[in-house]
1. Can you spot a residue in region 68-76 that is at pLDDT below 85, of a type in the set (D, E, K, R) and out of contact with any helix residue (DSSP H, G or I) (no Cβ under 8 Å at 6 or more places or on another chain)?
2. Search region 17-34 for residues that are on the phi > 0 side of the Ramachandran plot and pair each with any residue that is modelled with pLDDT of 75 or more and surrounded by 14 or more Cβ atoms within 10 Å (Cβ to Cβ) when their beta-carbon atoms are under 6 Å apart and the residues are at least 6 apart or on different chains.
3. I need the full set of residues from region 71-105 which are loosely packed, with under 12 Cβ neighbours inside 10 Å and assigned to a loop (DSSP other than H, G, I, E, B), in order please.
4. Within region 32-49, is even one residue surrounded by 12 or more Cβ atoms within 10 Å (Cβ to Cβ), under 22 Å from the mean Cα position of the chain (by Cα), part of a helix (DSSP H, G or I) and at pLDDT below 80?
5. With respect to residue 108, determine if the residue is at pLDDT 85 or above, assigned to a loop (DSSP other than H, G, I, E, B) and either surrounded by 10 or more Cβ atoms within 10 Å (Cβ to Cβ) or not polar (S, T, N, Q) (or both).
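The values are calculated or read from the model by the stated rules, or taken from the named source; none is laboratory data. Values in this document were obtained by computation on a predicted structure and should not be read as measured data. Glycine also receives a Cβ, built like all others from the backbone with ideal geometry; neighbour counts cover every protein chain displayed.
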Amino acid sequence: MRSRTDGALTGSDDEQYSEAKFLQVKQVIERFRGREGQAEIGRRWTLKVTDVRNWFVFAKLQLLIVTPLQKNHVIEPYVDAVGLVHNPEGRASMLRNLAIEEYREEKARAVH
């Protein structure tokens with residue numbers, strides 16, 4: 001199913017490409033209708049390919065978001081860790097990696 005829908009949102013001006021995708025989708029629809037003598041196999045296949053959880057390959061995702069310190073509250077609910085860059089003398093930057101819980105604890109201590 002994934003290969004049949006690749007490029008569906010971005011589109012293509014290539015008429016041959018569009019026709020090929022149409023034929024692939026047509027083949028899937030015909031398979032949904034079932035094949036004679038293979039009702040149970042067809043039913044299991046249909047359940048598998050129509051369950052969107054099977055369409056994606058999941059992997060651990062790491063995303064770098066760069067934001068000024070005063071805007072951390074915007075991203076804080078959505079991240080597991082933060083990296084804080086500190087450059088007290090303007091010569092050598094230092095990076096501190098903190099789990100979001102550590103960051104919140106330090107932030108709370110700084111306020112009190």
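1. Yes, some residue in region 68-76 is at pLDDT below 85, of a type in the set (D, E, K, R) and out of contact with any helix residue (DSSP H, G or I) (no Cβ under 8 Å at 6 or more places or on another chain).
2. Every condition considered, the pairs that remain are 34/42.
3. Result: 80, 87, 88, 89, 90, 91, 92, 93.
4. Within region 32-49 (the criterion being surrounded by 12 or more Cβ atoms within 10 Å (Cβ to Cβ), under 22 Å from the mean Cα position of the chain (by Cα), part of a helix (DSSP H, G or I) and at pLDDT below 80), the answer is yes, since at least one residue qualifies.
5. no
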